């Protein structure tokens, strides 16, 4: 099949936009998994619930989807704090946390079906052309909703990365990740800091949910479709690394889209997991080479 | 509290940003376009099947007739299975409002199979062990086949609504409402009549499509539909300019949309289920492409309704739409009103179309036989194999392969925002309208 440069450019660009959405979802999972040691699968459910709350506020009160964040962000911050507090109170180990959040992930589907609808709900009829009609940039089409996804991704990932790197609080989070005991000795208050991280991750689910509601029809089983790409992006990007999660998600979606342009689209998920397999399989080899090189360098230094 | 000038500037900047962001979000009131049931006429209660008495106000007494069934009340099949659950509730209430069957109340016992065929089989075993009088089939081809084992072994009649695997033999106790095959005896030909119906519909247009692009979800029913349609259209001389399959649950269709746009076919054939149609249209939007014509097999009705004006003219697989001649009966009118009220309350698509009609027809098959021969499964099986049943989707006889006798696959088109059957002519509410 011959593919024009324009078609390839358009497809890769669409991969960037969809990757931004998955990158924002992966951001939350990566931060909690990397810094708090909690592989929080319920984060995906919280994102979906954020989408449903956005839908309700828009369709019932005719609020702007952006204005809904004024409600959902604080509420989800509290939810994030409450979940982490609960895990702290029951002294949940990593495996227990995984089971609990996975149970919440499964239960959330039924709860969403019961509260909203098991059927599809779409914000699309409620949005004006400003948000739904594509703009032409030269020969390339860009949907305004995709621009929203891009902006939200850059804002959230950028601020998370900046906070971790440049603030005292962020350095405390990193210290807690490296060695909680030593960090505590140096004055890092582990519980408050982990509660805030979890709260911020919850708040990010509200923003991601708003983008989801704008971008696609909502159905209770949607997180099952996301879980593969989000987990792979979190792992490939490096746990706890906001920019890594975004870059990995964007790269994965670009690869998937480019693949689907030339080859059978049904194989594109296999490409994602194939990359994860390669990453995991090659990691020990890379580590071995690194160790060899560093030990060689150390010997040379001694000589 | 005092505020410094810097802090005030930050506060004003934040407030301005929030106001700007809030003002930019373009929202319109779409309540009117979401009201799909405004033109449904009031209807008087009548018996749900022909030949049954209906005496409103008479309280049924005596031993209830218990109908057991398994449905996917949770899991990925739930959105559609809940339509069948809604129909079951309506039928039970309807029959009992009419005074029951021979004065006995109808009762329904439903177990959740969580969208798992293995659980469906286990549910039927439990229901049979508990001694239910009759059974109703589940939703979904795999669950239907799984449930068939215990139900057939127990000698019960097994009515089904919209079994998507008609080529898998169940037996003489199987009574399907969604009829496939038009009497073929070869199970591999079960979808050929469907393909000929689609071809007939397209060729009935003044401007039939010549170039067609196929995109099919990797799901048994859509793949069967797609393979039969592709073969029939190609044999008719149509040019198949592309054919792709995609994984179930795909939400990003941008590359498929780009491939379709590159070929710019006269017709896009979507073997789409669930939300696929909405997501594909969103992908078309994102690249600024408007397809000339689209046909979608097995999409969720809500996914079509959600797209509003954008899907004006779309063609769909259907077995029933609520208009004459099929919808012009007292039973169909009462069904339309009661279903719309119940479905709206439960957040489901409120119009009777393929799933609701197929579900109701399955109940009509069972109730008609019970009305004729009583609550005796052997007698019910014998009677249904020898007689024709009048249902909301048409008259059904069970005399072909796997007890399929006709082919009820029809073609619907969205015209002026409403779903209308356009083919075959005997059930059509309007002719097909394809833009040149």
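Just so you know, all these numbers are worked out from the coordinates, no wet-lab data involved. Keep in mind that this is a model prediction, so the values were computed, not measured. Heads up, the Cβs are rebuilt from the backbone with ideal geometry, glycines too, and the neighbour counts pull from every protein chain shown.
What residues of the range B:369-383 lie in the reach of a label at residue B:153, counting those whose backbone N is under 15 Å from a point 7 Å from the Cα along Cα→Cβ?
none
Test of understanding: what is the full-extension gain from residue B:168 to residue B:430, defined as 0.36 nm times their sequence separation minus their Cα-Cα distance?
Extending this stretch completely gives an extra 90.9 nm.
Give me the number: length gained by fully extending residue A:96 to residue A:191, i.e. 0.36 nm times residue separation minus the C-alpha to C-alpha distance, one decimal in nm.
32.4 nm
Less than 11 Å from a label point 7 Å out along the Cα-to-Cβ axis of residue A:88: which backbone N atoms in the range A:191-205 qualify, by residue?
A:191-199
If the convex hull of the alpha-carbon atoms of the range A:206-302 is projected onto planes in all directions, what is the mean projected area in square nanometres?
8.9
If one takes the longest principal axis of the Cα atoms in chain B, at what angle in degrees, from 0 to 90 and to the nearest 10, does the Cα axis of helix B:78-97 lie?
40
Report, in degrees rounded to the nearest 10, the 0 to 90 angle that the Cα long axis of helix B:276-286 makes with the longest principal axis of chain B.
10
For every helix of n ≥ 4 consecutive DSSP H residues, a contribution of -39,500 (n - 2.57) applies; sum these over chain A, divide by its total residues, and give [θ] at 222 nm rounded to the nearest 500 deg cm²/dmol.
-26000 deg cm²/dmol
Comparing A:217, A:269, A:125, which has the greatest mean-square fluctuation in the GNM of chain A with Cα pairs linked when under 10 Å apart?
Of A:217, A:269, A:125, the Gaussian network model singles out A:125 as fluctuating most.
What distance in nm separates the simple spin-label points at residue A:61 and residue B:37, each placed 7 Å from Cα in the Cβ direction?
Each label point lies 7 Å from its Cα, and together they span 2.7 nm.
Over the whole of A:111-123, what's the average partner chain Cβ count within 10 Å per residue? Rounded to a whole number, please.
6
Compute the FRET efficiency between residue B:29 and residue B:418 as 1/(1 + (r/R0)^6), taking r as their Cβ-Cβ distance and R0 = 25 Å, and round to the nearest 0.05.
Efficiency at R0 = 25 Å is approximately 0.75.
Separation between the residue A:71 and residue B:234 pseudo-spin-labels, each 7 Å from Cα along Cα→Cβ, expressed in nm?
Going from the residue A:71 label point to the residue B:234 one covers 5.3 nm.
Would you mind giving the mean number of other chain beta-carbons within 10 Å of the Cβ of each residue in A:62-75, as a whole number?
Counting other chains' Cβ atoms within 10 Å and averaging over A:62-75 gives 3.
Only Cα pairs within less than 10 Å get springs; with that Gaussian network setup on chain B, which residue of B:147, B:347, B:200 has the largest fluctuation?
With Cα springs under 10 Å in chain B, the top fluctuation among B:147, B:347, B:200 is at B:347.
With each pseudo-label sitting 7 Å past Cα toward Cβ, what's the residue B:292-residue B:44 distance in nm, one decimal?
5.1
What is the distance in Å between the Cα centroid of the range B:322-355 and that of the range B:94-112?
Each part's Cα centre sits 20 Å from the other's.
For residue A:133 and residue B:312, what is the calculated FRET efficiency with R₀ set at 22 Å and r taken between the beta-carbons, to the nearest 0.05?
Result of the calculation: an efficiency of 0.85.
Provide the packing ranking of A:180-190, B:274-284, B:42-52, i.e. peptides ordered by the mean count of other C-beta atoms within 10 Å per residue, highest first.
B:274-284, B:42-52, A:180-190
Under the rule of -39500 (n - 2.57) per DSSP H run of 4 or more residues, summed and divided by the residues of chain B, what mean residue ellipticity at 222 nm is obtained, to the nearest 500 deg cm²/dmol?
Calculated from helices alone, the mean residue ellipticity at 222 nm is -12500 deg cm²/dmol.
Which of A:148, A:247, A:289 moves most in a GNM of chain A, Cα contacts under 10 Å?
Maximum among the listed residues: A:289.
Averaged across the residues of B:242-253, what count of C-beta atoms belonging to other chains lies within 10 Å of each residue's C-beta?
Average neighbour count from other chains, rounded to a whole number: 6.
For chain B, find the longest principal axis of its Cα atoms and tell me its angle to the long axis of helix B:377-386, 0 to 90°, nearest 10.
With both axes taken from Cα atoms, the answer is about 80 degrees.
Hey, how many Å between the Cα centroid of the range B:369-397 and the Cα centroid of the range A:174-247?
58
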